[in-house]
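Chemist: There's a structure below that I have some questions on.
The values are calculated or read from the model by the stated rules, or taken from the named source; none is laboratory data. Note that the structure is a prediction, hence the values are computed from the model and not measured. No Cβ is skipped: glycine too gets one built from the backbone with ideal geometry, and neighbour counts run over all protein chains shown. Surface areas here come from the heavy atoms of the whole protein model, side chains and all, with no ligands, DNA or RNA. Shrake-Rupley method; radii C 1.70, N 1.55, O 1.52, S 1.80 Å.
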Amino acid sequence: VDFISKPLNPPIVRARVRTHMTLKQQSDKLRRLANRDGMTGVFNRRALDEILSVEFRRHMRIGAPLGLAMLDVDFFKHYNDCYGHPAGDIALQAVADVMRQSCLRASDLPARIGGEEFTVLLPETDEEGAIEIAERIRQLLRERNIAHKESAAASWVTVSIGIALAKDESPESLMARADEAL
């Protein structure tokens, strides 16, 4: 995208390299911002949809298992009503952090899909592995012990988790089955 004429002029070469490095860094930052949820730092719905599509095609091509866990923070409206929206944001950030800690492989993809609803895309993960990750999320969240006195489930923030494994279907039906299991 650039042309440097000969004979080389070192200050011009340095300036052009510096310009291209700056452009590359800005492009990478913009890509990160476009694919991340601004509040929690996990992937957003746009990134999830793109990666799910790729992983689903890979699942169909080679038959590797593909799991999806959908999470919903229990009684979150009551949490916001009781503690306020800033505290609710902190609770959602804690849930996202727990999800990140629970995903031990780089290929596992925690994402926020809206409000208090999250997913974890689990390439090459069978039902047993998906249940293990869901249990790890549940246990780590329990250890955080974030008070939630308005919950009918427990006195701390809890999540409900639904798991689905890909079949010969579409990515949308996989999401729908995980949502139904939730």
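Chemist: Can you tell me which of Ala130, Ala164 is in contact (Cβ under 8 Å) with a residue 40 or more places away in the chain, in a strand (DSSP E or B) and either in contact with a Gly (Cβ under 9 Å, 6 or more places away or on another chain) or open to solvent by 90 Å² or more (accessible area, probe 1.4 Å) (or both)? I'd like the intermediate steps shown before the answer.
Modeler: Numbers: Ala130 fails: in a strand (DSSP E or B).
That would be Ala164, the only listed residue that is in contact (Cβ under 8 Å) with a residue 40 or more places away in the chain, in a strand (DSSP E or B) and either in contact with a Gly (Cβ under 9 Å, 6 or more places away or on another chain) or open to solvent by 90 Å² or more (accessible area, probe 1.4 Å) (or both).
Chemist: Under 20 Å from Phe56 (Cβ atoms) and either of a type in the set (A, V, I, L, M) or open to solvent by 60 Å² or more (accessible area, probe 1.4 Å) (or both): which single residue out of Leu141, Leu121 fits that description?
Modeler: Unique residue meeting the criteria: Leu121.
Chemist: Could you tell me whether Ala96 is farther than 23 Å from Lys167 by Cα, aliphatic (A, V, I, L, M) and part of a helix (DSSP H, G or I)?
Modeler: Considered against the rule, which asks whether it is farther than 23 Å from Lys167 by Cα, aliphatic (A, V, I, L, M) and part of a helix (DSSP H, G or I), Ala96 comes out as yes.
Chemist: Output the residues belonging to segment 3-18 that are open to solvent by less than 70 Å² (accessible area, probe 1.4 Å) and β-branched (Val, Ile, Thr).
Modeler: Ile4, Val13
Chemist: Among the residues of segment 62-99, count how many are charged (D, E, K, R), exposed (fewer than 15 other Cβ atoms within 10 Å of the Cβ) and more than 15 Å from Ser151 (Cβ to Cβ). Quick ask: steps written out before the conclusion?
Modeler: Step one: filter segment 62-99 for residues charged (D, E, K, R), giving 72, 74, 77, 81, 89, 97.
Filter once more, keeping what is exposed (fewer than 15 other Cβ atoms within 10 Å of the Cβ): 77, 81, 89.
Now drop any that are not more than 15 Å from Ser151 (Cβ to Cβ), which leaves 89.
Residues that pass the stated criteria total 1.
Chemist: Right, something else. Which ones in segment 38-72 are in contact with a Ser or Thr (Cβ under 8 Å, 6 or more places away or on another chain), hydrophobic (A, V, I, L, M, F, W, C) and not in a helix (DSSP H, G or I)?
Modeler: Those that are in contact with a Ser or Thr (Cβ under 8 Å, 6 or more places away or on another chain), hydrophobic (A, V, I, L, M, F, W, C) and not in a helix (DSSP H, G or I): Leu66, Leu68, Ala69, Met70, Leu71.
Chemist: Looking at (1) acidic (Asp, Glu); (2) open to solvent by 20 Å² or more (accessible area, probe 1.4 Å); (3) under 22 Å from Arg177 (Cβ atoms), find the lone condition where Asp37 falls short.
Modeler: (3)
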